[in-house]
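First comes the structure, then the notes that go with it.
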Amino acid sequence: MELQTIKQAVVKFIKDEEGLTVVEYAVAGGLVSLAVVTAFTELGTQVGVVIDSLTDAITPAAP
């Protein structure tokens with residue numbers, strides 16, 4: 001390969017932003033996943049609190 005051909009290939013590689021787009025989508029997907037896990041964890045905790053309070057409010061039936 002000629003030096004000019006190598007230089008053109010390097011410049012083309014540096015200007016190519018397609019790989020950057022893939023990385024951006026991966027980071028965005030990771031952040032969305034983290035938000036969903038956090039939201040459902042908090043939701044699960046709150047549902048557990050409501051179920052516990054309902055269980056405490058129910059009186060046992062008389063034998």
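The values are calculated or read from the model by the stated rules, or taken from the named source; none is laboratory data. Quick caveat, the model's predicted, so the values are computed rather than measured. Glycine gets a Cβ as well: all are built from the backbone with ideal geometry, and neighbour counts include every protein chain shown.
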For this session: Look at THR55 and say whether it is surrounded by fewer than 10 Cβ atoms within 10 Å (Cβ to Cβ) and not in a helix (DSSP H, G or I).
Result: no
Problem set entry | Selection status of GLY19, surrounded by 10 or more Cβ atoms within 10 Å (Cβ to Cβ) and either in a loop (DSSP other than H, G, I, E, B) or modelled with pLDDT under 95 (or both) | no
